[in-house]
Amino acid sequence: MKFKTFSLLYLSCLFMGIVFVFIFLSILSAFFEHNTYQQIVKYQIKHNAIYGSALNENYFSYRLELIKEIKPDIVAIGSSRVGQFKQKFFKTSFVAAANAGNSLAETYYFVEEMIKNHKPKLVILGIDPWWFNKKMPNNKYLSYQQNNGKNINSTKIFNALKIFFSNPSIFINQLIAHQTTTNPYTSIPSLGFRAITKSNGSFPDGSYLYFSTLSGISPAEDKKFSNSKERIDQEIFPFFYGEELDYPRIEEFYSLLALLKQHKIQVLTLTTPLSPTIYNVLVNEKKKDFAWLQKFDEFARKNKIFHFLNPHKLQTIDCEFYDGFHGGDIAYARILEQIAKIDTDMVNFLDLQKIQETIKTKRGHAYSDNLGKYREIDFLNIGCKK
C-alpha cells in the first residue's frame, strides 16, 4: 500500500471515528447522560423531573449542585437511608442529600464542600449505626466524586451501548419524536437512562422514587427479606459483626458536629429504622454477633440522638419498607411526627398536618404519592394489602 493511500485511509477512519464520537456524545447528552450537574439540576428544577443516571453515579456532586441551586433552609445529609424525607413534610425549603454521605468521613467532606456555597439553617444528620463499626469502610475521598457528569471512557461507552441495545425501541422512538426526557410508565419528566427505562430516580427535593419496585415492572431484590437475611448470615454490608464501637469514629462524629456548630448551623441527629423483621433478627437471633448495637444504643442516649433504628418505636410495619434497611415515605413521616412530640423547636420546621395526613391515609404503604395508572403492589411478597 502506497503511503498516500495509507494516509488517506487513516485520515478517513480518524474522521469517521471523530464523527461517531460526536454523534454518540450528542445522543447521550440528549438523554442527560453526558451533561454537567449544573445543566442537569437547572433542567430538573425547571421541569420537576426525576434524575436517574445509569452511567454517572456521583450523588456527592449532584447533591451539592442541588443545594447550591435551591439554597434550602433544611438539608438532610446521609446515605440512601435519608432518601425518603420529602419536601412536603416541611414548611420551608428542603433537600435530601441522600447517598452524598455514606460514612462519617465522606459526610464531613460533604459538609465542607456544601458550606462553600450555602449554609442551611438546619441539617438533619442521618447517621447509620454501622458507620461506627471499624469493619465499615470510612473513606473521605472516593473516585466517583471526581465525575463531573461529562467524563468519558471505554466503560461508559460500553455500558451506554449495552443499555441502548437492551431497550432499542424506547430510545429510538424517543429520538425520532425528539422526546428524550420521557419514560413509558409515568408522566414524570425523566433524565438519565435509569429514569427513562424504569422511572426510577431522584426528585428535585432529593427524595427517591423506586417506581420499578413499587409497580412491579422489575422484581424486588429483597422478597420476604431474603436478601437482607443472607447479608446478615454472611456479614455483608451493612450487617457487620462486632462487640465494640470504634473510638476514632466517635471522635470523627464529634468533629462533624463541631464543624456544623462552627458555622452556626442547627443540627438534628437521627438514625432511621430497619424493617421489624430484620431488626428482630439482629436483636434476638443474632444478638451476640451484633453486640456493638447495644453499645450504640447507649451512645445514642448519651448524645441525644433521635435513635429510631428500632422500628417498634414508630409503630411502623414491614409493609412500609422497600427492603430490610430502607423504609418508605410513611415510615419517615412517622419519624418526624415522633420528633415533633419531643423537640418543640422542630415544630416550626415541620408541616405536621401533611405528615399526619400521610400516615393516616397511606399507612401500610411504602410510597405516599400518586403512581398514575399504576398502583403499589405487595412487592416484598409478605402479604401486604395495598
Q: For the range 222-355, build the charge dipole from Cβ charges (+1 Lys, Arg; -1 Asp, Glu) around the Cα centre, then report which of ALA340, PHE296, HIS307 sits farthest towards its positive end.
A: ALA340
Q: Net charge near ASN381: determine it from the other residues with C-beta under 15 Å of the C-beta of ASN381, scoring Lys and Arg +1 and Asp and Glu -1.
A: -1
Q. Once you list every other residue whose beta carbon is under 14 Å from the beta carbon of SER226, what net charge do they have if Lys and Arg are +1 and Asp and Glu are -1?
A. -2
Q.
How large are Rg and Dmax for the range 153-212 when calculated on the C-alpha trace, in angstrom?
A. 12.1, 33
Q.
What FRET efficiency comes out for LYS134 versus VAL283 if R0 is 25 angstrom and r is the Cβ-Cβ distance? Round to the nearest 0.05.
A. 0.75
Q.
Springs between alpha-carbon pairs under 10 angstrom, Gaussian network model over the chain: which of ALA258, ALA49, ALA105 fluctuates most?
A. ALA258
Q: Please label the shape of the range 252-386 as rounded, prolate or oblate, based on the square roots a ≥ b ≥ c of the eigenvalues of the alpha-carbon gyration tensor (a/c under 1.5 means rounded; beyond that, a/b larger than b/c means prolate, else oblate).
A: oblate
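Could you compute the net charge surrounding LYS286? Neighbours are other residues with a C-beta less than 11 Å from the C-beta of LYS286; K and R count +1, D and E count -1.
Result for the neighbourhood of LYS286: -1.
Work out, in µm²/s and without decimals, the Stokes-Einstein translational diffusion coefficient of the chain at 4 °C, 1.567 mPa s, Rh from Kirkwood over C-alpha pairs.
Answer, rounded: 58 µm²/s.
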Q. For the range 209-305, rounded, prolate or oblate, judged on the Cα gyration tensor with a ≥ b ≥ c (square roots of eigenvalues), a/c < 1.5 rounded, else prolate if a/b > b/c?
A. oblate
**Q.** Gyration tensor (alpha-carbon) shape descriptor, the range 98-161, a/c threshold 1.5
**A.** oblate
**Q.** Given charges at Cβ of Lys, Arg, Asp, Glu: the chain dipole, positive-most of SER143, PHE193, VAL19
**A.** VAL19
Q.
Is there a quick way to get the dipole size of the chain? I mean about its Cα centre, with the Cβ of Lys and Arg at +1 and of Asp and Glu at -1; what is the value in debye to the nearest 20?
A. 720 debye
**Q.** Fraction of the pair-distance distribution of the range 131-187 above 19 Å, Cα-Cα pairs, percent
**A.** 57 percent
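How big is the dipole moment of the range 21-164 about its Cα centre under a simple scheme where the beta carbon of each Lys and Arg is +1, that of each Asp and Glu is -1, and everything else is neutral? Debye, nearest 20, please. Working shown, then result.
Numbers: 18 positive and 9 negative charges, 55 e Å.
Result for the range 21-164 is approximately 260 debye, rounded to the nearest 20.
Here, each number is a calculation from the coordinates, and none is a lab measurement. Treat the numbers as computed from the prediction; the structure is a model and nothing was measured. We place every Cβ from the backbone using ideal geometry, glycine too, and count neighbours over all the protein chains shown.
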